[in-house]
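Notes follow the structure.
The values are calculated or read from the model by the stated rules, or taken from the named source; none is laboratory data. Worth saying up front: this structure is predicted, and the values here are computed from it rather than measured. Don't worry about glycine lacking a Cβ; one is built from the backbone with ideal geometry, like all the others, and counts go over all protein chains shown. Remember, those area values only see protein heavy atoms, side chains included, never the ligands or the DNA or RNA. Shrake-Rupley method; radii C 1.70, N 1.55, O 1.52, S 1.80 Å.
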Amino acid sequence: DAGITQSPRYKITETGRQVTLMCHQTWSHSYMFWYRQDLGHGLRLIYYSAAADITDKGEVPDGYVVSRSKTENFPLTLESATRSQTSVYFCASSEEGRADTQYFGPGTRLTVL
Amino acid sequence: TQLLEQSPQFLSIQEGENLTVYCNSSSVFSSLQWYRQEPGEGPVLLVTVVTGGEVKKLKRLTFQFGDARKDSSLHITAAQPGDTGLYLCAGRILVGNEKLTFGTGTRLTIIP
(Lines give C-alpha, C1' and ligand atoms only; values in the text may rest on other atoms or scores of the structure.)
Protein backbone atom coordinates (compact mmCIF):
# COMPACT_ATOMS: atom_id res chain seq x y z
CA ASP A 1 0.00 0.00 0.00
CA ALA A 2 1.13 3.53 -0.70
CA GLY A 3 1.76 5.77 2.27
CA ILE A 4 4.25 6.20 5.05
CA THR A 5 5.54 3.26 7.00
CA GLN A 6 7.78 2.87 10.03
CA SER A 7 9.78 -0.08 11.27
CA PRO A 8 10.05 -1.63 13.68
CA ARG A 9 6.75 -0.85 15.41
CA TYR A 10 8.15 -1.89 18.77
CA LYS A 11 11.73 -2.02 19.97
CA ILE A 12 13.34 -2.80 23.30
CA THR A 13 17.03 -2.06 23.68
CA GLU A 14 19.60 -1.47 26.37
CA THR A 15 21.39 1.69 27.41
CA GLY A 16 24.41 2.38 25.25
CA ARG A 17 23.30 0.39 22.21
CA GLN A 18 22.85 1.90 18.77
CA VAL A 19 19.33 1.79 17.39
CA THR A 20 18.02 2.78 13.97
CA LEU A 21 14.38 3.54 13.30
CA MET A 22 13.27 3.37 9.69
CA CYS A 23 10.80 5.54 7.82
CA HIS A 24 9.68 5.05 4.22
CA GLN A 25 7.17 7.07 2.16
CA THR A 26 5.84 6.34 -1.31
CA TRP A 27 4.49 9.79 -2.20
CA SER A 28 7.83 11.36 -3.19
CA HIS A 29 7.17 14.13 -0.68
CA SER A 30 10.05 16.58 -0.38
CA TYR A 31 9.85 17.06 3.36
CA MET A 32 10.21 14.44 6.05
CA PHE A 33 10.16 14.86 9.80
CA TRP A 34 10.96 12.91 12.95
CA TYR A 35 9.04 13.62 16.16
CA ARG A 36 8.99 12.09 19.59
CA GLN A 37 5.83 11.98 21.67
CA ASP A 38 6.01 11.97 25.45
CA LEU A 39 3.34 12.52 28.08
CA GLY A 40 3.15 16.17 29.00
CA HIS A 41 5.23 17.32 26.03
CA GLY A 42 3.14 16.48 23.02
CA LEU A 43 4.99 16.04 19.75
CA ARG A 44 8.47 17.51 19.61
CA LEU A 45 10.47 17.82 16.42
CA ILE A 46 13.82 16.01 16.43
CA TYR A 47 15.09 16.50 12.86
CA TYR A 48 13.63 17.30 9.51
CA SER A 49 14.73 17.11 5.89
CA ALA A 50 13.78 19.32 2.95
CA ALA A 51 15.14 16.94 0.31
CA ALA A 52 17.69 14.18 -0.19
CA ASP A 53 20.98 15.12 1.48
CA ILE A 54 19.43 18.18 3.21
CA THR A 55 18.69 17.83 6.92
CA ASP A 56 18.29 20.25 9.81
CA LYS A 57 17.85 20.14 13.56
CA GLY A 58 14.54 20.51 15.28
CA GLU A 59 13.72 21.23 18.90
CA VAL A 60 15.35 18.18 20.54
CA PRO A 61 18.17 16.83 18.29
CA ASP A 62 20.75 15.84 20.91
CA GLY A 63 21.60 12.13 20.86
CA TYR A 64 20.08 11.55 17.42
CA VAL A 65 21.51 11.32 13.92
CA VAL A 66 19.63 11.32 10.61
CA SER A 67 20.47 10.79 6.98
CA ARG A 68 18.55 11.03 3.75
CA SER A 69 20.33 9.52 0.78
CA LYS A 70 17.04 8.81 -1.02
CA THR A 71 13.87 10.91 -1.10
CA GLU A 72 11.70 8.07 0.17
CA ASN A 73 13.75 7.05 3.22
CA PHE A 74 14.60 8.97 6.37
CA PRO A 75 16.22 6.79 9.04
CA LEU A 76 16.73 8.02 12.60
CA THR A 77 19.66 6.64 14.59
CA LEU A 78 20.21 6.76 18.32
CA GLU A 79 23.96 6.39 18.50
CA SER A 80 24.10 5.43 22.18
CA ALA A 81 20.61 4.98 23.58
CA THR A 82 19.71 6.44 26.96
CA ARG A 83 16.67 5.82 29.15
CA SER A 84 15.47 9.37 28.48
CA GLN A 85 15.05 8.37 24.83
CA THR A 86 12.28 5.94 25.74
CA SER A 87 9.39 7.36 23.77
CA VAL A 88 7.07 6.90 20.81
CA TYR A 89 8.69 8.12 17.61
CA PHE A 90 6.68 9.36 14.64
CA CYS A 91 7.84 10.01 11.13
CA ALA A 92 5.89 12.40 8.91
CA SER A 93 6.10 13.77 5.39
CA SER A 94 4.70 16.69 3.46
CA GLU A 95 4.85 18.19 0.02
CA GLU A 96 7.06 21.21 -0.49
CA GLY A 97 5.09 24.33 0.36
CA ARG A 98 2.42 22.25 2.11
CA ALA A 99 3.81 22.01 5.63
CA ASP A 100 0.26 22.58 6.82
CA THR A 101 -0.52 19.05 5.76
CA GLN A 102 1.77 16.47 7.28
CA TYR A 103 1.10 12.77 6.94
CA PHE A 104 2.20 10.64 9.85
CA GLY A 105 3.38 7.08 10.08
CA PRO A 106 2.02 4.68 12.70
CA GLY A 107 4.89 5.25 15.11
CA THR A 108 7.63 3.18 16.76
CA ARG A 109 7.44 2.55 20.49
CA LEU A 110 11.00 2.44 21.79
CA THR A 111 11.93 1.30 25.27
CA VAL A 112 15.48 1.76 26.53
CA LEU A 113 16.28 -0.37 29.59
CA THR B 1 7.98 26.77 27.63
CA GLN B 2 5.14 25.38 25.52
CA LEU B 3 4.37 27.61 22.57
CA LEU B 4 0.89 26.21 22.15
CA GLU B 5 -1.21 25.52 25.25
CA GLN B 6 -4.24 23.31 24.97
CA SER B 7 -7.09 23.12 27.46
CA PRO B 8 -8.44 21.10 28.97
CA GLN B 9 -5.80 18.38 29.02
CA PHE B 10 -8.43 15.72 29.72
CA LEU B 11 -12.16 15.77 29.05
CA SER B 12 -14.68 13.02 29.67
CA ILE B 13 -18.31 13.63 28.76
CA GLN B 14 -21.47 11.72 27.99
CA GLU B 15 -22.55 10.89 24.47
CA GLY B 16 -24.75 13.61 23.04
CA GLU B 17 -23.18 16.50 24.96
CA ASN B 18 -21.37 19.43 23.37
CA LEU B 19 -17.79 20.40 24.12
CA THR B 20 -15.12 22.95 23.24
CA VAL B 21 -11.36 22.50 23.24
CA TYR B 22 -9.00 25.45 23.19
CA CYS B 23 -5.56 26.10 21.75
CA ASN B 24 -3.82 29.29 22.86
CA SER B 25 -0.53 31.02 22.24
CA SER B 26 1.16 34.37 22.66
CA SER B 27 2.62 33.97 19.17
CA VAL B 28 0.99 34.74 15.85
CA PHE B 29 0.66 31.81 13.45
CA SER B 30 0.43 31.92 9.68
CA SER B 31 -1.75 28.80 9.86
CA LEU B 32 -3.07 26.42 12.45
CA GLN B 33 -4.02 22.77 12.14
CA TRP B 34 -6.04 20.33 14.20
CA TYR B 35 -5.13 16.65 14.25
CA ARG B 36 -6.80 13.65 15.87
CA GLN B 37 -4.79 10.72 17.11
CA GLU B 38 -6.15 7.33 18.09
CA PRO B 39 -4.27 4.83 20.28
CA GLY B 40 -1.44 3.09 18.45
CA GLU B 41 -1.67 5.35 15.42
CA GLY B 42 -0.16 8.55 14.13
CA PRO B 43 -2.01 11.86 14.11
CA VAL B 44 -4.40 12.49 11.23
CA LEU B 45 -5.08 15.98 9.93
CA LEU B 46 -8.65 17.22 10.44
CA VAL B 47 -8.46 20.82 9.24
CA THR B 48 -6.21 23.78 8.49
CA VAL B 49 -7.23 27.38 9.16
CA VAL B 50 -5.23 30.25 7.72
CA THR B 51 -7.27 33.46 7.97
CA GLY B 52 -7.98 35.32 11.22
CA GLY B 53 -11.60 34.74 12.21
CA GLU B 54 -11.95 31.81 9.84
CA VAL B 55 -14.54 29.15 10.72
CA LYS B 56 -14.53 25.69 9.18
CA LYS B 57 -17.01 22.90 9.74
CA LEU B 58 -16.42 19.19 9.41
CA LYS B 59 -19.75 17.46 10.07
CA ARG B 60 -20.30 17.95 13.84
CA LEU B 61 -16.89 19.59 14.37
CA THR B 62 -16.49 23.37 14.11
CA PHE B 63 -13.04 24.93 14.06
CA GLN B 64 -12.36 28.62 14.55
CA PHE B 65 -9.15 30.62 14.16
CA GLY B 66 -8.88 33.67 16.39
CA ASP B 67 -9.00 37.12 14.82
CA ALA B 68 -5.42 37.79 15.85
CA ARG B 69 -4.29 34.32 14.68
CA LYS B 70 -2.97 33.47 18.15
CA ASP B 71 -5.63 30.99 19.21
CA SER B 72 -8.12 28.45 17.96
CA SER B 73 -11.02 26.41 19.21
CA LEU B 74 -12.62 23.11 18.31
CA HIS B 75 -16.30 22.66 19.12
CA ILE B 76 -18.00 19.27 18.88
CA THR B 77 -21.77 19.09 18.78
CA ALA B 78 -23.58 15.99 20.05
CA ALA B 79 -20.41 14.07 20.79
CA GLN B 80 -20.28 10.41 19.85
CA PRO B 81 -18.01 7.58 21.08
CA GLY B 82 -16.22 7.70 17.73
CA ASP B 83 -14.98 11.19 18.65
CA THR B 84 -12.83 9.69 21.40
CA GLY B 85 -9.14 10.39 20.89
CA LEU B 86 -6.27 12.79 21.41
CA TYR B 87 -6.81 16.15 19.73
CA LEU B 88 -3.68 18.10 18.84
CA CYS B 89 -3.39 21.62 17.55
CA ALA B 90 -0.32 22.60 15.58
CA GLY B 91 0.82 25.89 14.17
CA ARG B 92 3.19 27.22 11.57
CA ILE B 93 4.71 30.51 12.62
CA LEU B 94 6.28 31.67 9.41
CA VAL B 95 5.18 31.27 5.83
CA GLY B 96 7.98 29.38 4.14
CA ASN B 97 8.96 27.67 7.39
CA GLU B 98 8.00 24.06 6.97
CA LYS B 99 8.15 23.23 10.68
CA LEU B 100 5.06 22.84 12.83
CA THR B 101 4.82 23.42 16.58
CA PHE B 102 2.43 21.09 18.35
CA GLY B 103 0.37 21.63 21.45
CA THR B 104 0.34 19.09 24.29
CA GLY B 105 -3.07 17.77 23.30
CA THR B 106 -6.52 17.23 24.76
CA ARG B 107 -7.48 13.66 25.52
CA LEU B 108 -11.20 13.33 24.90
CA THR B 109 -13.32 10.40 26.07
CA ILE B 110 -16.96 10.11 25.08
CA ILE B 111 -18.92 7.81 27.36
CA PRO B 112 -21.75 5.87 25.67
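Scanning the range B:87-112 for residues that are farther than 18 Å from residue A:101 by Cα, assigned to a strand (DSSP E or B) and not basic (Lys, Arg) gives B:106, B:108, B:109, B:110, B:111.
Against the test of being open to solvent by less than 20 Å² (accessible area, probe 1.4 Å), facing chain A (nearest Cβ under 9 Å) and small (Gly, Ala, Ser), the options B:31, B:72 yield a single qualifying residue, B:31. The sole residue among A:60, A:65 that is touching a strand residue (DSSP E or B) at 6+ places or on another chain (Cβ under 7 Å), farther than 27 Å from residue B:34 by Cα and among the aliphatic types (A, V, I, L, M) is A:65.
With respect to residue B:15, is the statement that it is touching a residue at least 24 places away in the same chain (Cβ under 8 Å) and either among the basic types (Lys, Arg) or open to solvent by 60 Å² or more (accessible area, probe 1.4 Å) (or both) true?
So residue B:15 passes the test.
In summary, residue B:44 fulfils each of the numbered conditions (1) open to solvent by less than 70 Å² (accessible area, probe 1.4 Å); (2) within 14 Å of chain A (Cβ to nearest Cβ); (3) of a type in the set (A, V, I, L, M, F, W, C) with the single exception of condition (1).
Looking at the range B:48-68, is at least one residue in contact with a Pro (Cβ under 6 Å, 6 or more places away or on another chain) and either modelled with pLDDT of 95 or more or within 11 Å of chain A (Cβ to nearest Cβ) (or both)?
Here is the first cut: in the range B:48-68, the ones in contact with a Pro (Cβ under 6 Å, 6 or more places away or on another chain) are none.
Scanning the range B:48-68, I find no residue that is in contact with a Pro (Cβ under 6 Å, 6 or more places away or on another chain) and either modelled with pLDDT of 95 or more or within 11 Å of chain A (Cβ to nearest Cβ) (or both), so the answer is no.
Residue A:111 satisfies every condition listed in (1) surrounded by 16 or more Cβ atoms within 10 Å (Cβ to Cβ); (2) at pLDDT 95 or above; (3) not charged (D, E, K, R) except (1). Among the numbered conditions (1) surrounded by fewer than 21 Cβ atoms within 10 Å (Cβ to Cβ); (2) hydroxyl-bearing (Ser, Thr, Tyr); (3) within 14 Å of the chain's Cα centre (by Cα), tell me where residue B:26 comes up short. So residue B:26 meets the others, but not (3).
Inside the range A:72-113, residues that are more than 10 Å from chain B (Cβ to nearest Cβ), within 14 Å of the chain's Cα centre (by Cα) and of a type outside the set (Asp, Glu) make up a count of 13. Among strands (runs of 3 or more DSSP E) entirely within the range A:1-50, having at least 2 residues that are hydrophobic (A, V, I, L, M, F, W, C) and closer than 25 Å to residue B:98 by Cα singles out A:19-25, A:31-38.
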